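The values are calculated or read from the model by the stated rules, or taken from the named source; none is laboratory data. Keep in mind it's a predicted model, so treat the numbers as computed, not measured. A quick note on method: Cβ atoms are made from the backbone with ideal geometry, for glycine too, and the neighbour counts reach across all protein chains shown. The protein model used for the area step is the full one, side chains on, heavy atoms only, and it has no ligands, DNA or RNA in it. Shrake-Rupley method; radii C 1.70, N 1.55, O 1.52, S 1.80 Å.
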Amino acid sequence: MNISVDRLNAGCILTEDVFSMTNRPIITSKTVLTDEHINLLKVFQVKKVEIENTQIDGNLLSELTEANQFIEDDEESFFDKFLYGVSQYKKEFRSWQSGVPLSIPAVRAILLPLLEDLEQYSKEVFSLYHLSNKREYIYQHSVAVGVISALIAQKMGYNKGETIQIAMAGCLSDAGMSKIPPGLLTKEEPLTEEEFAEVKRHTSYSLKMLPEHSLLKKETRLAILQHHERLDGSGYPLGNADNKIHPYAKIIAVSDTFHAMTSQRLYRSKQSPFKVLEKLQQDYFGKFDHVVLQALSNSIIQYTIGSTIRLSNGHRAEVVFVEGRSATRPLVKILEDEALMDLEKNRHLYIEEVLQYS
């Protein structure tokens, strides 16, 4: 949707980079606009920008033109569907907080539209971190974990029914957070040992909240309980090791950690999916299933020679060569001066985003 800068609201989401007589964008695509961003656009005398149809809070937008007609896109984007799904999940979560029983069909209805033709939206799925908002994190996280888990499951060859169960387990894994004191969910300072112990109980709370229903299988319930277990036995609530952890739970463990690390949190800034993938493969070695990590990697790293990327320093570059063993660190050509750079030898830089696929 093309909209006048004068009519922007905080919470609108850019769909294209914004330039103003500069080689690099003054604000990048998928940025959730704040009042400061809008003021910056006005300072640079930007007149119009392209935004999503849906704001970060899930509310739909419509732009009134000079002819007093509404401009609406013909097709709802994946981001629109995601933000709407988050707004619906938020309503469910708040009802659980007030004591209303959890409805399995209601959660399934939120997820199913996001699982349609999911593989064709893999690029959008791994751009969801742009939409992360620390105040909406608890709701965004649950829906995103469900979607990412489903995409990994598809890559691993699970059938449609199993994929839906895995998505349900991912989405419901943090349902028990609704039983945690709200103050702990919004606390910006580090949690005390006692507070963290209470937050860790959310896995058990989630399991207890689940009603008996034919739409949720036994293995799905087990995965919800086990999604914080780790292969080396360092997880919780039971400290189960590799062969005692259900395969569904191994998928959700990766999805949960990946989305958490790429999200804007109350106490931490978001990180690039490519940087997080490296950390999961290297710094967390032995904690996550390598087959699941490989499926995640295959979903994220879809760029080939000729693709255009943005680096963490803001520079745009073209992928020149991709080495299979270091796929997150290709040889690139900086577009501004055509200098070659090997990201494997420049570890301080990393891929921030793929701008155009070859």
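List of remarks:
- One decimal place: the segment residue 185-residue 159 gains 5.8 nm when fully extended, by the rule 0.36 nm per residue minus the C-alpha distance.
- Highest-MSF residue in the chain out of 116, 52, 16 [GNM, Cα springs under 10 Å]: 116
- Net charge contributed by nearby residues that have their C-beta within less than 12 Å of residue 313 (K/R +1, D/E -1): +1
- Volume per residue of the C-alpha convex hull in region 288-357, rounded to whole Å³: 89 Å³
- Mean Cα-pair separation over length for the chain, i.e. relative contact order, pairs under 8 Å, 6 or more apart, %: 12 percent
- Its Cα centre serving as origin, the chain has a Cβ charge dipole (Lys and Arg +1, Asp and Glu -1) of approximately 1040 debye.
- With protein chains left intact and a 1.4 Å probe, residues in the chain average 48 Å² of accessible area per residue.
- Neighbourhood net charge (13 Å Cβ-Cβ; Lys/Arg +1, Asp/Glu -1) for residue 102: +3
- Across the chain, Cα-Cα distances exceeding 26 Å account for 53% of all pairs.
- Protein accessible area in region 211-275, 1.4 Å probe - carbon and sulfur %: 52 percent
- Distance between modelled label sites at residue 103 and residue 320, nm, 7 Å Cα→Cβ extension: 5.8 nm
- Approximate spin-label separation residue 9-residue 208, in nm, with each point projected 7 Å along Cα-to-Cβ: 3.9 nm
- Farthest positive-ward along the chain dipole, Cα basis, beta-carbon charges - from 13, 203, 88: 203
- For peptides 188-201, 159-172, sequence by mean Cβ density within 10 Å, most packed first: 159-172, 188-201
- Rg(Cα)/(2.2 N^0.38 Å) for region 199-358, N = residue count: 1.25
- As a rough guide to protection, the peptides 89-96, 253-260, 237-244 ranked by mean Cβ packing within 10 Å, highest first, stand as 253-260, 89-96, 237-244.
- Maximal additional length on extending the residue 348-residue 47 stretch stands at 104.8 nm, based on 0.36 nm per residue less the C-alpha distance.
- Computed helical MRE - 222 nm, the chain, DSSP H runs ≥ 4 contributing -39500 (n - 2.57), nearest 500: -12000 deg cm²/dmol
- For residue 275, a cut-off of 19 angstrom between C-alpha atoms picks up these aspartates and glutamates, skipping any fewer than 8 places away in its own chain: 124, 256, 283, 289, 318, 323, 342, 344, 352, 353.
- Ligands, DNA and RNA left out, the 1.4 Å accessible surface of region 108-168 is 42% carbon and sulfur atoms.
- Alpha-carbon centroid distance for the pair region 93-152 / region 282-323, whole angstrom: 23 Å
- Residues whose placed amide H lies under 5 Å from that of residue 265, excluding near-sequence neighbours: 270
- Among the DSSP helices (H) of the chain, none spans at least 27 angstrom by Cα along its long axis with an average Kyte-Doolittle hydropathy of 0.0 or more; this is a geometric and hydropathy rule only.
- In this simple spin-label approximation, residue 304 and residue 285 carry label points 7 Å from Cα along the Cα→Cβ vector, and these lie 3.1 nm apart.
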